[in-house]
Amino acid sequence: TSIADEPAFLDGKGGYAMLVLISDVTDIELSERVRRDFAANVSHELKTPLTSINGFAQLVANGMAADAESVKAYAKRISEESDRLMGLINDTLMLSELEQISIEEPIEEVDIRETTEEVLRLMEDKIAERHLDVQVTGNAEMKANRNRIRELVMNLCDNAVKYNKDHGKIVIGLSEKDGYAAIEVQDTGIGIPENEINRIFERFYRAKNSGGATVNGTGLGLAIVKHIAALYEGELTVESREGEGSRFTVRMKKE
Ligand code: ADP
């Protein structure tokens, strides 16, 4: 790779890393208790934006918005919270779909480079807005469901954009080795606090530095990534250094 000002940890000068082993099937088959916790979590997460939407709508309905400007401001908040709700519902549906996955999903030869470029085209506006430099190197192919691979790449790239700094860089490295296809996404963003790195793949978990309300997210993206990687006997690694950047690597069986 040729990032001019690579994060220090990318030169092997430090940073911290975590390997997530997900080939264990018991991790994928949710127990009844985890399932119940999940339902409770989802309900809680859905309530928060709904409460805001209801609150702002009532302000307007009760004539509390004195002028056109405040009506506009409240409407904007309602629209933002609705977007959040929609994102949550979509991610939750995606996760429950993944849990019920059957082997009957259409499997085809997936050109990961092509899929990645497709994803990047969809994100063009966001990338331009943040003035990010994005590079894709190498290629990899594997037998998989194309939509799942697109979803996985989309979630990793979305994070690399969201948690980057303006004028930052993203390098997506694709390669094949020993019967595995590897996707590596590295960014020059805010990084992940060391004491939270082992939790980011949990559902709804958002690290302290994720900016909370300022950076949109549901905390479900990486749980989805983990699930998809597991479908293809995958392995996940994350390396990071706060303030410098992160690198996520996913290896999945080619066949
Ligand atoms: P979210 O919707 O919050 O982005 P994810 O499951 O995709 O949810 O990620 C969980 C958390 O992991 C994020 O809230 C953020 O704190 C952290 N994270 C994920 N990707 C990155 C990244 N590339 N750089 C820094 N932090 C990240």
*asked:* Can you find, within the stretch 156-179, the residue that is nearest to the ligand (Cβ to nearest atom) among those that are assigned to a strand (DSSP E or B) and open to solvent by 20 Å² or more (accessible area, probe 1.4 Å)?
replied: Lys169
*For the stretch 205-234, name all the residues that are in contact (Cβ under 8 Å) with a residue 60 or more places away in the chain and either closer than 17 Å to Tyr16 by Cβ or more than 8 Å from the ligand (Cβ to nearest atom) (or both).*
Leu222, Lys226, His227, Ile228, Ala229, Ala230, Leu231, Tyr232, Glu233, Gly234
*Taking the stated definitions as given, is Ala182 outside any strand (DSSP E or B), among the small types (Gly, Ala, Ser) and in contact (Cβ under 8 Å) with a residue 12 or more places away in the chain?*
no
*What's the number of the condition Val153 fails, among (1) within 12 Å of the ligand (Cβ to nearest atom); (2) crowded, with 21+ Cβ neighbours inside 10 Å; (3) under 15 Å from the mean Cα position of the chain (by Cα)?*
(1)
*Write out, first by first residue and then by second, each pair whose Cβ atoms fall under 9 Å of each other, whose residues are 6+ apart or on separate chains, and whose first residue, in the stretch 235-255, is more than 14 Å from Met18 (Cα to Cα) and open to solvent by less than 20 Å² (accessible area, probe 1.4 Å) while the second is polar (S, T, N, Q) and assigned to a strand (DSSP E or B).*
Gly245/Gln186
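The values are calculated or read from the model by the stated rules, or taken from the named source; none is laboratory data. Computed from a predicted structure; not experimentally measured. Every residue, glycine among them, receives a Cβ derived from its backbone with ideal geometry; neighbour counts consider all protein chains shown. Please note that ligands, DNA and RNA were not included when accessible areas were found on the heavy atoms of the full protein model with its side chains. Shrake-Rupley method; radii C 1.70, N 1.55, O 1.52, S 1.80 Å.
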